[in-house]
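The values are calculated or read from the model by the stated rules, or taken from the named source; none is laboratory data. For clarity, every value in this text was computed on a predicted model and none was experimentally measured. Note that we place each Cβ from the backbone using ideal geometry, even for glycine, and neighbour counts take in every protein chain shown. Side chains included, ligands, DNA and RNA excluded: accessible areas come from the protein's heavy atoms. Shrake-Rupley method; radii C 1.70, N 1.55, O 1.52, S 1.80 Å.
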Amino acid sequence: MGSVLGTGALRAHLIEARLAGTIATTREKSLARYRLFAARDPRALLGLDPERDWPLSEVLRLMGRKCGVSADPAHTSGPDVIDPDRTVAALDGFAERVATAAGRRAPVLIGTGHPHRLLEFYAALADALSSAGCTVLTPAYGARVDIATRFGVRPCTLEYVRGVALMRETGVRGAPGAGGVHTHSPLPVRTALAAAADAAGPLPGLVIGDHGWVCGAGQLGFEAIGLADTDDPAPFVGQAEGRVSVVVPLDDAVRAADYRPLARYVLNRSGLSR
């Protein structure tokens, strides 16, 4: 995993890699998603069923508090900005939850809708939690899930790579990222949790992920922690309403290698570094 960064070095890395600070996600894209969320469009809810209305103005204020983006509705263009100090603080909270799960040897379920970018980050957590005595669950392995994409509904397969669930286009094999589907859907986590319940096996004490994995699990009452970009307000609303424990604000689509220092930091802070 390499050397562990201190808080100052981690903050510098976040800015240099554009995980925080000025990021690639545009204000236009974020505002469009905030409007969809305010209208309760399922594409933006990610499996969350908000307890109350969230008009655009309140979504903006929340994202300003949680991420550091501008809460000014007149700011309508340009790159988004994430406060790196908020990212570091959220990573600390994320690490605390990981440490608690490890201390209890709780079963964990880990899944991602960003297999090309975040697989290695989550796989490092899966390896460490397994070594700490946690069961890394793999329910519904090989199950078919029909996922809505921009090309229409496509049949996909729920698979696990190094303990991390991902969706793969049916019939595609090869390297871990080959055929991996970028999805916001909560259907994969619902499928996995339903299979675990039907098998009367252990249910997760903690779900770790992004997009529909964290929102879908939190909506069903499972403790969930995850990562989210500025154009995905649902996890932050889930946190505000008490159904998601921790959300780390960061750009979720930079180079996969740039998440390695974050994994090292989390494992160090949680006492799971080897």
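Some notes on this structure:
- Segments classed as helices (runs of 4 or more DSSP H), wholly inside region 211-274, with at least 3 members that are more than 18 Å from residue 92 (Cβ to Cβ) and open to solvent by less than 10 Å² (accessible area, probe 1.4 Å): 211-219, 234-240
- Considering residues of region 158-178 that are open to solvent by less than 20 Å² (accessible area, probe 1.4 Å) and farther than 20 Å from residue 234 by Cβ only, the residue modelled with the lowest pLDDT: 168
- Restricted to region 58-86, and to residues there that are in a helix (DSSP H, G or I) and open to solvent by less than 60 Å² (accessible area, probe 1.4 Å), the residue that is farthest from residue 11 (Cα to Cα) is 58.
- Residue pairs whose Cβ atoms lie under 8 Å apart, sitting 6 or more positions apart in sequence or on different chains, and linking a residue in region 263-274 that is more than 16 Å from residue 122 (Cβ to Cβ) to a partner that is not in a helix (DSSP H, G or I), are 268/4; 273/1; 273/4; 274/1.
- Members of region 5-57 that are open to solvent by less than 30 Å² (accessible area, probe 1.4 Å) and of a type in the set (Lys, Arg): 27
- No other residue among 121, 94 is surrounded by 21 or more Cβ atoms within 10 Å (Cβ to Cβ) and under 14 Å from residue 270 (Cα atoms) apart from 94.
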